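Contents: one structure, followed by commentary.
The values are calculated or read from the model by the stated rules, or taken from the named source; none is laboratory data. This is a predicted model, so every value here is computed, not measured. Because the Cβ atoms are built from the backbone with ideal geometry, glycine has one as well, and the counts that use them run over all protein chains shown. Calculation scope for accessible area: heavy atoms of the full protein, side chains included, ligands and nucleic acids excluded. Shrake-Rupley method; radii C 1.70, N 1.55, O 1.52, S 1.80 Å.
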Amino acid sequence: MPQFPIRGAVAVITGAGSGIGAALARRLGARGAHLALVDIDEAGLEETRASLRDGDRRVTLHPMDVADRAAAAALPDAVAQAQGAPADILVNNAGVALGGSFAENSEEDFDWLLEINLHAPIRLTRAFLPVLRSRKAAHIVNISSVYGLIAPVGMTAYSAAKFGLRGFSEALRHELADTQIGVTVVHPGGVATKIARNARQPAFRNDADPAAMEAALARVEKLLKMPPDDAAEIIAKGLQRRAKRVLVGHDARLIDIVQRLSPTGYWPVLQRVFQS
């Protein structure tokens, strides 16, 4: 299959105000893509735009909450109007995290995460699909996680969303197999973003010992090693070659192997590996 023609394509990237989304904007912009950047954080979008190299590509900012149904439905037209051309690439990257076990998570918090991490990518895909069908070549990139491959303790909401996004992506790819639209699902391992630090915590933790909370967060962040720009380069190359699945990082590849070898017994093995 020929490489995807990124140069001159209009790429819509959600969660582009920081982390992998901002880094992916830089990587796709360097390859000549026009960028439609989406995030709830308007200041973050401005920082991402400032970090881009000078060039003749178009960069438009679209501040919005991806969980806003009306805004999601209106985004394809907003992008086409601002860019002067329809979207060719949709990158569903925006995501949030939630601390605590299933028993500790409120229904409201659980639903909040699903809205952003699962329902929003599905809605945006539905909104953009007619536009993408009209393009000579088009591609959808859905950022899942290694927690779309394994389901650790304390990740019920996050894993539910990321496994769901993986299943949605794979079924959609099969349905679009005879079209010009490709679908890539991405499973990043530990990337050094602020998602863990910005995670919503159960209400009872508001009174927790700050020092203990910081120590727990530090242990999690030790596993988040890969720079976002390195992760974005791997994802951009996956898009370019129209990969069906992209594993980001040595940890993601290890997790994938262990899960394949022991589909129901991987968790004790991985606990020993990552606590050593």
* **Under Karplus coefficients 6.51, -1.76 and 1.60, residue-wise ³J(HN,Hα) of region 62-75 in Hz, glycine/proline x** => 10, x, 6, 8, 5, 7, 7, 4, 5, 5, 5, 5, 8, 4
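In the chain, carbon and sulfur make up what percent of the accessible area (probe 1.4 Å)?
On the chain, the fraction of accessible area on carbon and sulfur atoms equals 54 percent.
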* Structure fact -> Ranking TYR158, ALA11, GLY99 by how far each Cα lies towards the positive end of the charge dipole of the chain (+1 on Lys and Arg Cβ, -1 on Asp and Glu Cβ), the top one is ALA11
* Structure fact -> Going residue by residue through region 79-89, the Karplus relation 6.51 cos²θ - 1.76 cosθ + 1.60 with θ = phi - 60° gives ³J(HN,Hα) values, rounded to whole Hz and with x marking Gly or Pro, of 5, 4, 5, 5, 8, x, 7, x, 6, 10, 10
* Where in region 2-41 does the label zone of ALA85 land, with the point 7 angstrom along Cα→C-beta and an amide N cut-off under 16 Å? -> 4-13, 28-37
* Structure fact -> Excluding residues fewer than 8 positions from LYS194 in its own chain, the lysines with Cα under 25 Å of it are LYS162, LYS222, LYS225, LYS237
* Asked: For the chain, treating each Cα as an identical point scatterer without solvent, what Debye log10 I(q)/I(0) comes out at q = 0.07, 0.12, 0.14 1/Å?
  -> -0.24, -0.72, -0.99
* To do: Pick out which of ALA78, ALA161, ALA25 has the largest mean-square fluctuation in a Gaussian network model of the chain, springs linking Cα atoms closer than 10 Å.
  => ALA78
* So how much slack lies between GLN275 and HIS174, counting 0.36 nm per residue of separation and subtracting their Cα-Cα distance, in nm? -> 32.6 nm
* Structure fact -> Between GLY182 and residues 5 or more places away or on another chain, the pairs with built amide H atoms under 5 Å apart involve ALA138, HIS139, ILE140
* Structure fact -> One point scatterer per Cα, no solvent, Debye formula: log10 I(q)/I(0) for region 32-119 at q = 0.16, 0.18 Å⁻¹ comes out as -0.73, -0.86
* Read phi for every residue in region 233-249 and hand back ³J(HN,Hα) as whole Hz from Karplus 6.51 cos²θ - 1.76 cosθ + 1.60, θ = phi - 60°, with x for Gly and Pro. => 5, 4, 5, 4, 5, x, 4, 4, 9, 6, 5, 6, 9, 10, 9, 10, x
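Hey, got the dipole for region 1-146? About the Cα centre, +1 on K and R Cβ, -1 on D and E Cβ, debye to the nearest 20? Write out the running numbers ahead of the final one.
Numbers: 14 positive and 17 negative charges, 248 e Å.
The dipole of region 1-146 has a size of about 1180 debye.
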